Amino acid sequence: LAGWRAREDSDPAGARARRAAKAAVDRLAKSRAAKGLPESTALVGDALVGYLADKLSVPPSGLTARLAAESLRRRWPRLPEVRLEEVKRLWGEMERLRYAPTTVRDAEVAQLRDAVSELIAAVEKGSS
């Protein structure tokens, strides 16, 4: 336990990146349990943006879809281009659902949640 704690303390960015997927999965689970569509949609967005920010060790407030895709490409050059395009597509979909809440349906949020979950799994596999 002491060795693990020392490693976590000596590399906070690495620790943040290692915990990124778990934190995102937790947010996605909270999204499923959320009482309303706006809250559910916001949690899916937080899962996507939070995951990418944690994985890339950048603040979520300054992150954009393009910056996230470019940073992933630089950090993990073997990550398939289709995944980088998917980051941009899902980000756009997330923003559409978040900022046009009157037209959002449960099925759209569920579809986005599933796609974000699949993207996280693919990035985790490609970045390890």
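The values are calculated or read from the model by the stated rules, or taken from the named source; none is laboratory data. Quantities reported herein were computed from a predicted structural model and do not represent experimental measurements. Heads up: the accessible areas ignore ligands, DNA and RNA and are worked out on the full protein's heavy atoms, side chains in. Shrake-Rupley method; radii C 1.70, N 1.55, O 1.52, S 1.80 Å.
Per residue of the chain, the DSSP helices (runs of n ≥ 4 H) give a summed -39500 (n - 2.57) that works out to -27000 deg cm²/dmol at 222 nm. For the chain, the per residue solvent-accessible surface stands at 58 Å², with DNA, RNA and ligands left out and a 1.4 Å probe.
Shown for the chain: the carbon plus sulfur share of the solvent-accessible area, taken with all protein chains present and a 1.4 angstrom probe, equals 55%. Straight-line cross-link reach from LYS22 at under 19 Å between alpha-carbon atoms covers these aspartates and glutamates, not counting any fewer than eight positions away in the same chain: GLU8, ASP9, ASP11, ASP46, ASP54, ASP114, GLU118, GLU124. Taking LYS35 as the anchor, which aspartates and glutamates have their alpha carbon closer than 15 Å to its alpha carbon, excluding any fewer than eight residues away along the same chain? Within the straight-line limit of under 15 Å, LYS35 reaches these aspartates and glutamates: ASP106.
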